[in-house]
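Student: Pasting a structure here, questions to come.
Nothing in this text is a laboratory measurement; each read-out follows from the coordinates by a stated rule. Values in this document were obtained by computation on a predicted structure and should not be read as measured data. FYI the Cβ positions are ideal-geometry reconstructions off the backbone, even for glycines, and counts take in every protein chain you see.
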Amino acid sequence: MTTLKRVNSGHPGFRKLIIELDKELWNIFGTVQAQYDQYNSIEQIDTVVLAYEQDTVVACGCFKQYDAQTVEIKRMFVVPGRRSAGVATLLLQELEAWARELQYQAAILETGKIMPAAVRLYEKNGYVVTENYGQYVGMEQSVCMRKRL
């Protein structure tokens, strides 16, 4: 059974998974990942969700305010052994619920074109491809998506 916990970016479980996420992204994207790292700071984020199975953290995600009405979903990661088990969907739904509680009306996110499983996850959860926003304008590897909350 998966348990979700709301924490902040200082939580050691979140920091541990972020190290794994960054290693995986560097393996997938190589040196192109250096362009994206500057946008992935996890300092001072109060809206982090962790997924646990037993006492083991198996997934994470968070959001940051993008503008007064919109959050940006960031740092979604599920450990390889727990992928395709519905954990990412549970995590994403909890992030969206939290954003709605805080009166946000939309969520945006960025993922990689060469990550079809991630694109499918977001599409399955109601996200639609939109024009690249903010720092992702002109970044050919990026797919930006949006959902009304």
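Student: Starting from 0.36 nm per residue, how many nanometres of slack lie between Q135 and R6 once their C-alpha separation is accounted for?
Tutor: Fully extending the segment from Q135 to R6 adds 43.7 nm.
Student: Send over the Kirkwood Rh of the chain, from the inverse of the averaged 1/r over different Cα pairs, rounded to one decimal Å.
Tutor: Over the chain, the inverse of the mean reciprocal pair distance is 15.5 Å.
Student: Calculate, for E123 and Q69, the FRET efficiency according to 1/(1 + (r/R0)^6) with r their C-beta to C-beta distance and R0 25 Å; round to the nearest 0.05.
Tutor: 0.65
Student: From Cα pairs below 8 angstrom and at least 6 apart in sequence, can you work out the relative contact order of the chain, rounded to a whole percent? Please report the intermediate quantities before stating the final value.
Tutor: On the way: 239 pairs, mean separation 29.2, N = 149.
For the chain, the relative contact order is 20 percent.
Student: Related question: Label-point separation (nm) for A85 and M115, each offset 7 Å from Cα along Cα-to-Cβ?
Tutor: Spacing of the two 7 Å Cα→Cβ label points: 2.0 nm.
Student: Another one. Go through the stretch 125-135 residue by residue and turn each phi into a ³J(HN,Hα) via Karplus (6.51, -1.76, 1.60, θ = phi - 60°); whole Hz please, and just put x for glycine and proline.
Tutor: Once θ is set to phi - 60°, the couplings for the stretch 125-135 become 9, x, 7, 10, 5, 9, 4, 4, 10, x, 5 Hz.
Student: Based on alpha-carbon centroids, what's the gap between the stretch 109-149 and the stretch 68-86 in Å, whole number please?
Tutor: Cα centroid to Cα centroid, the span is 12 Å.
Student: How much length is gained on full extension from R15 to Q44, taking 0.36 nm per residue of separation minus their Cα-Cα distance?
Tutor: Gain on extension, R15 to Q44, equals 9.2 nm.
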